[in-house]
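The values are calculated or read from the model by the stated rules, or taken from the named source; none is laboratory data. These figures come from a predicted structure and were not determined experimentally. Ideal geometry is used to build each Cβ from the backbone, glycine not excepted, and the neighbour counts take in all protein chains shown. Accessible surface is based on the protein model in full, side chains and every heavy atom, while ligands, DNA and RNA are left aside. Shrake-Rupley method; radii C 1.70, N 1.55, O 1.52, S 1.80 Å.
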Amino acid sequence: MHHTFHIKDSSNPKVKAFLEYIKSLDFVHVESDDKDKAEEIKISLKQSFKELKLMKEGKIKATPAKDL
């Protein structure tokens, strides 16, 4: 069985208490989109910095923004 909850104010102490409670239940698995998105952004930024370094070193060719 799957249920999705959309929580407007995640900083509310009641929300934090609720999440801690349901995470403590052995039959509940909680997935958080925020962590997944943050990890994707982190990976993307790392890749971008690697590519920027390679461009500065002349190892790969840059594409002008107007060509995109």
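For Ile60, the accessible surface of its heavy atoms amounts to roughly 70 Å² (probe 1.4 Å, protein chains only, rounded to the nearest 10).
The coefficient of translational diffusion for the chain, derived via Stokes-Einstein from the alpha carbon Kirkwood radius under 20 °C and 1.002 mPa s, stands at 134 µm²/s. Secondary-structure-derived ellipticity at 222 nm for the chain, considering helices only, amounts to -18000 deg cm²/dmol, per-run term -39500 (n - 2.57) for DSSP H runs with n ≥ 4. Placing +1 on each Lys and Arg Cβ and -1 on each Asp and Glu Cβ, with no other charges, gives the chain a dipole about its Cα centre of roughly 480 debye. Cross-link check: pairs Lys16/Lys42; Lys14/Lys37; Lys8/Lys46 evaluated at a Cα-Cα cut-off of 27 Å; pairs beyond the cut-off: Lys8/Lys46.
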